[in-house]
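Report on the following structure.
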Amino acid sequence: MKEQNKNSTAANELNVVPFKTRMRPYLIVAPALLITIGIMIPFIMSIYYSLTSYSFRLPNYSFIGLKNWIAILKSGGFWKAVWVTLRYAFFSTALEMLLGMGVAMLLNNLNNKFSKILRVALIFPLMVAPITATIIWQLMLNNSVGIVEKFLNIFGVYNFPWAAGASTAMMTVVMIDVWVNTSFCMLLVLAGLQSLPKSPFESAKIDGGSPWFNFINLTLPMLKPSLYIALLFRLMAALQEYAIIFGLTKGGPGDTLMNLSLTSYQTGFQFQKFGYALPYILVLWIFINMVAKQIVKRQRAAQKQAAGLEE
Amino acid sequence: MNSNKKLLGAIVQNLLLVIYAIFALFPLIWMVILTFKPDTQMYTTTFIFDPTLDNYKEVLFNSDYISYMIDSLIVSGGAVIVSVVAGVPAAYALARYNFPKKEDIAFQILSFKFAPEILVVLPLFMIFQKLRIYDTHFGLIWVYQLISMPLLIWVVRGYFEDISVEIEHAAQVDGYTWYQIFFKMLIPLIKPGLVSAALLAFIFAWNSFTFPLILAGTNVQPITVAITKFLGTDSAHYGQLAVAATVSALPAIIFALCIQKHLVRGLSFGAVKG
C-alpha cells in the first residue's frame, strides 16, 4: 500500500549502520506493539483452551484433543449459526454497498445546496453506537408507541412483528445495520467519485460514449479500489456483528438470529462451557482472515488497473 | 425536449435523495421528539403534545446516568491518550524508517481491528480476573487499544508519509536534533490529522459495546452497556430511554462534525484519501 518512502534511508544503508541506529525503529514501535500484543496471548490461549474441557463452573479441566471441535462440527447448531452469519453478512453488506453507492452518486450529480447539507447530516447515523441505534429503532418499531406502527395502521397493517417474528427478525436487524453503516460506504464512494480524474471523461465525451458505457468502462473501474475498501471494512464487521443482534433480540426469537458470535458468547457465558465456546469463534476468525486476504489482493489489483486508466 | 428530460431527471434524483434522507434522519428526529414527550401522552399522541423536560430531569439527575457518562469518558479518553503516546512514534517509524519486517508489523497491528471481539474477550475475561483488572478503568483502557491503536497508527502514518523527507533533511543540516524536528516541526504539521484521528478513535471507543459488556461489571459501566438497563427494567418509560440514547449519542456526533474533512481518511484507516 505505501511504498513512497523507500529512498528515505537508502543512503544510510550503504554505510555500515551502527547497531543502536539499526534498532531505533524497533524501539520506537515497541511500546505500541507491546500494548496490543497483550491481546495475542489470549488468542494463543484460546486455541489451547478450545482443546480442553475448561468450564467456568468446574475447578478442574482436562485436555481432550479435538473432541470439542468434532462435536461442534457435527452439531446442527453450528451449521445453523454459520448460515445465519453468512446471510446477515451478505444482506447487510450488499444493501449497504448498493445504497451507499447510489446515494453517493446522487450527491455527486446534484451538487446543490440540499445535497451539500445531506453530505454532513447523513454521517449522523454512522456516529451513533450500534447499541444505541438498536434502541432508537425499538422506539420506532414498538407496537404501542412506535411511529412506524402508527404509519402502518393507515394501511390497515396492525402489530407487524418485526424483531419478534421468526420470518421478519433477520430483515429487522439487517435494516438497523443498513441504517447505521450505509453512510460509511457512501462516504468512501463519494470520496472516490470526487477524486476521479477529469481527462478520461473528457476524451470519452469526444468519442461520444453513452453515459452507461462510460459508467461501466470508466467510472466503475476507477471506483473499484474505494469499493473494495468499503467492502473489506463492512464485510469484516458484519461477519462478526454482535451488538445489534444482542441488543434487539439476544439472538431470538428461538435461535433465528444466533450467529457465530452470539452462539459463542452464549455457550461461554450462559452455559459456562468455555472450551466448547471457542471453536465457533475460531472458525469465524479463520474465515474472516481468508476473506480479508482475498479482498486486499483484489483491491491492489484494482488499484493498478485504475492507475492504468488514468493515463 | 432535452431540457424537459433533464429537469425530470433532476426531480427524480432529488426525490430519491429525500426518501433516503427520511430513512436516515427521521429515526434521530423521532428519538429527539420522544425525549420531550410526557409519559402520559406517549401512547395517545404522535407529533402534537405538551413538551416537557421531565424525562431529562429524571435521567440526568435522578439516576446514575452521569456517572456512566463519566466512566465512558475516562475509559475512552484514557484509551486515546495511551494510543497517541505510544502510537504516534510508532506511526512515524513505520512511515520513515525502512527495516526488516516493517510491513508485517504494520499489518499485524491492523489485523487486531479484524479480530472478532468475542474471540478476544472470552480468554481476556479469565486473564482479567486473574490479574485483578476485571471491571476496572485500567482493564478497559487496555483492551480498548485494539480499537484505538490500529486506527491511530494507520491514519497518522499516512499523514507522516505526506510530509516530504527533504524538509526533515534540511532541518537536520541546519543542526536541529531529531527530537526538535519531531516535536517542533513534524507534530505541528500533522496536527489536524492527528487530532481528527484521535477524535475518531474516541468515537469508536465511546461506541464500543462488546468489550465493556463482558470485561466490566458493576464498578465501571460505560454508557453503551448501562443504556441497556434503561431498556430492560421499565419498558413503560420510553421518554427516558430516548433521553438516555440521545445524550449518549451527542458527544460522538459533535466530534464527527468537528472532523468532517478528515472523516473519510480516518474511517478507511488512511486507505482512501478523501
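Here B:Ile109 does not qualify as in contact with a helix residue (DSSP H, G or I) (Cβ under 6 Å, 6 or more places away or on another chain), under 30 Å from B:Pro192 (Cβ atoms), in a helix (DSSP H, G or I) and more than 8 Å from chain A (Cβ to nearest Cβ). Report whether or not A:Asn289 is over 18 Å from B:Phe107 (Cβ atoms) and not basic (Lys, Arg). Taking the combined requirement at face value, the residue does not satisfy it.
Candidates are the residues of the range A:29-54 that are among the aromatic types (Phe, Trp, Tyr) and without any contact (Cβ under 8 Å) to a residue 12 or more places away in the chain; the one that is nearest to the other protein chains (Cβ to nearest Cβ) is A:Phe43. Would you check if there is a residue in the range A:9-26 being under 30 Å from A:Tyr265 (Cβ atoms), at pLDDT below 90 and not in a helix (DSSP H, G or I)? The answer is no, given that none of the residues of the range A:9-26 is under 30 Å from A:Tyr265 (Cβ atoms), at pLDDT below 90 and not in a helix (DSSP H, G or I).
Looking at the range B:167-274, the helices (runs of 4 or more DSSP H) lying wholly inside it that each contain 2 or more residues that are more than 22 Å from the chain's Cα centre (by Cα) and crowded, with 20+ Cβ neighbours inside 10 Å sit at B:238-258. Scanning the range B:35-48 turns up no residue that is touching a residue at least 24 places away in the same chain (Cβ under 8 Å), farther than 26 Å from A:Leu152 by Cβ and hydroxyl-bearing (Ser, Thr, Tyr). Among the criteria (1) within 7 Å of chain B (Cβ to nearest Cβ); (2) over 27 Å from A:Ala164 (Cα atoms); (3) not β-branched (Val, Ile, Thr), the one A:Gly100 does not fulfil is (1). Pairs linking a residue in the range A:115-132 that is hydrophobic (A, V, I, L, M, F, W, C) to a residue that is in a loop (DSSP other than H, G, I, E, B) and modelled with pLDDT under 95, with Cβ atoms under 6 Å and 6 or more positions apart or on different chains, are A:Ile131/B:Phe209. Remark: pairs (first residue in the range B:248-274, facing another protein chain (nearest Cβ under 7 Å) and at pLDDT 90 or above; second residue assigned to a loop (DSSP other than H, G, I, E, B) and surrounded by 23 or more Cβ atoms within 10 Å (Cβ to Cβ); Cβ separation under 6 Å; 6+ apart in sequence or on different chains) = B:Ala249/A:Val128. Among the helices (runs of 4 or more DSSP H) confined to the range A:73-127, the ones with at least 1 residues that are in contact with a Lys or Arg (Cβ under 7 Å, 6 or more places away or on another chain) are located at A:76-110. Pairs linking a residue in the range A:158-178 that is outside any helix (DSSP H, G or I) to a residue that is at pLDDT below 85 and surrounded by 14 or more Cβ atoms within 10 Å (Cβ to Cβ), with Cβ atoms under 6 Å and 6 or more positions apart or on different chains, are A:Asn159/A:Asn143.
The values are calculated or read from the model by the stated rules, or taken from the named source; none is laboratory data. Everything quoted here is computed from the prediction, not taken from an experiment. Glycine also receives a Cβ, built like all others from the backbone with ideal geometry; neighbour counts cover every protein chain displayed.
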